[in-house]
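Have a look at the structure below, then the notes.
The values are calculated or read from the model by the stated rules, or taken from the named source; none is laboratory data. Worth saying up front: this structure is predicted, and the values here are computed from it rather than measured. In this analysis, Cβ positions are derived from the backbone assuming ideal geometry, glycine residues included, and neighbour counts consider all displayed protein chains. Heads up: the accessible areas ignore ligands, DNA and RNA and are worked out on the full protein's heavy atoms, side chains in. Shrake-Rupley method; radii C 1.70, N 1.55, O 1.52, S 1.80 Å.
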Amino acid sequence: MPEQPPSVFRVWIDATPEAVWHEITRTDEPIAAFFNNRMHLSGELQPGSRLAMRTGSGKWTGVVGEILEVMPLVRFAHTFKFTAYDDPECTVIYELEPKDGGVQFTLTVENLPVGTKTGKNMSSGGKLIVNTLKRSVETGRPSFGIRMLYVLFKVLEPISPKRCESDNWPIDGSRGTQS
Amino acid sequence: MNEERTDRLLSALAHSGRRRMLDLLMEAPGISVKALASHFPISRVAVLKHVQLLEEAELVITKKRGRTRHLYFNAVPIQLLRDRWTTHYSAFFAERMADIKTRVEGRAMDEQESKRA
């Protein structure tokens, strides 16, 4: 399948690399920048571990992938597949670079299959991810509009497609708690 | 977004040639400096200077592969600027107003072209 050129998004965040790294790799709480999903891992945060982005209830899984690269405070890369679509995986790369007393945060999405829903969603969704991350790390929470959007997601959770149920997307030895 | 960054962003956008460069980057993500320069009647060095200003404003991201520099448009600073002066409510209506303008003007241009043909 032909691929789109990479999509690249960059923002400067007034925070330490540690704060940004913690926000993109945490498994203890939902990650505001990742559509308020919580990251579940099959093992440690290391290449080869499987990951799943699940709703707070744990019942639904929006994204699955495999960790490709972990360079603490510098680079985190994993494959990325929307569970709702049959599209092939793409790759997302987060890069952190100290700059002007803060962090230059770059999100690159590669191997986007042309003309697919994944290609379309990731080309536009990247902007929302880096923006929400900036706001969450700098102020402690996402903007009012994004918070409202997440309330709506929660309300609509029961009508999520059946194929997105977490039972269909197991990751061995998930260490996230599905309450 | 602090004021210094906003100044850099607006000053980078206050130039028709640089805005055209962003259009070209949107059309062809990853375009090389050489290919970008071929669209302008100025030297490659002059184009590079404009690219540097766009980079400083965070509107352009450069990725080097081998000896070639690939350029990408970064929409985030423009989104932050938009967020500063819009709420979800005003964005809803402003988007519709902008849609109407684009559609009506597009239709008028189509009509003019068909008259000329």
Subject >> Count of residues meeting criterion [modelled with pLDDT under 75 and open to solvent by 90 Å² or more (accessible area, probe 1.4 Å)] in segment A:153-170 >> reply: 4
Original post:
For B:Glu27, are the conditions met, namely being closer than 30 Å to A:Ile146 by Cα and in contact with a strand residue (DSSP E or B) (Cβ under 9 Å, 6 or more places away or on another chain)?
Top reply: no
Original post:
Of everything in segment A:36-59 that's in contact (Cβ under 8 Å) with a residue 40 or more places away in the chain, open to solvent by 20 Å² or more (accessible area, probe 1.4 Å) and not small (Gly, Ala, Ser), which residue is nearest to the other protein chains (Cβ to nearest Cβ)?
Top reply: A:Asn36
Original post:
So, of the residues in segment A:21-30 that are of a type in the set (Val, Ile, Thr) and not in a loop (DSSP other than H, G, I, E, B), which turns out to be most open to solvent (accessible area, probe 1.4 Å)?
Top reply: A:Thr25
Original post:
All but one of (1) more than 13 Å from chain A (Cβ to nearest Cβ); (2) under 30 Å from A:Asn111 (Cβ atoms) hold for B:Ile31; which doesn't?
Top reply: (1)
Original post:
Quick one: would you say A:Pro98 is surrounded by fewer than 17 Cβ atoms within 10 Å (Cβ to Cβ), within 14 Å of chain B (Cβ to nearest Cβ) and under 22 Å from B:Lys63 (Cβ atoms)?
Top reply: no
**OP:** Would you check which residues across segment B:66-82 are within 11 Å of chain A (Cβ to nearest Cβ), more than 16 Å from B:Arg8 (Cα to Cα) and open to solvent by 70 Å² or more (accessible area, probe 1.4 Å) and list them?
**Re:** none
Original post:
For residues in segment A:60-87 being over 25 Å from B:Ile61 (Cα atoms) and open to solvent by 60 Å² or more (accessible area, probe 1.4 Å), which is modelled with the highest pLDDT?
Top reply: A:Glu66
**OP:** May I ask you to verify whether A:Ala33 is open to solvent by less than 20 Å² (accessible area, probe 1.4 Å), under 21 Å from A:Thr132 (Cβ atoms) and more than 14 Å from chain B (Cβ to nearest Cβ)?
**Re:** no
Original post:
Identify, please: which residue in segment A:1-20 is surrounded by fewer than 19 Cβ atoms within 10 Å (Cβ to Cβ) and not in a loop (DSSP other than H, G, I, E, B) and is, among those, modelled with the lowest pLDDT?
Top reply: A:Glu3
**OP:** Confirm whether A:Glu138 is modelled with pLDDT of 75 or more, open to solvent by 50 Å² or more (accessible area, probe 1.4 Å) and touching a Cys at 6+ places or on another chain (Cβ under 7 Å).
**Re:** no
Original post:
If only one of B:Ser43, B:Ser11, B:Ser16 is more than 14 Å from every other protein chain (Cβ to nearest Cβ), surrounded by fewer than 13 Cβ atoms within 10 Å (Cβ to Cβ) and at pLDDT 95 or above, which one is it?
Top reply: B:Ser16
Original post:
From B:Lys63, B:Lys101, which residue is surrounded by 14 or more Cβ atoms within 10 Å (Cβ to Cβ), free of Cβ contacts under 8 Å to residues at least 60 places away in the same chain and among the basic types (Lys, Arg)?
Top reply: B:Lys63
Original post:
Taking only pairs six or more apart or across chains, which ones have beta-carbon atoms under 8 Å, a first residue in segment B:36-55 that is within 19 Å of B:Arg8 (Cβ to Cβ), and a second residue that is open to solvent by less than 50 Å² (accessible area, probe 1.4 Å) and of a type in the set (D, E, K, R)?
Top reply: B:His50/B:Arg18; B:Leu53/B:Arg18; B:Leu54/B:Arg18
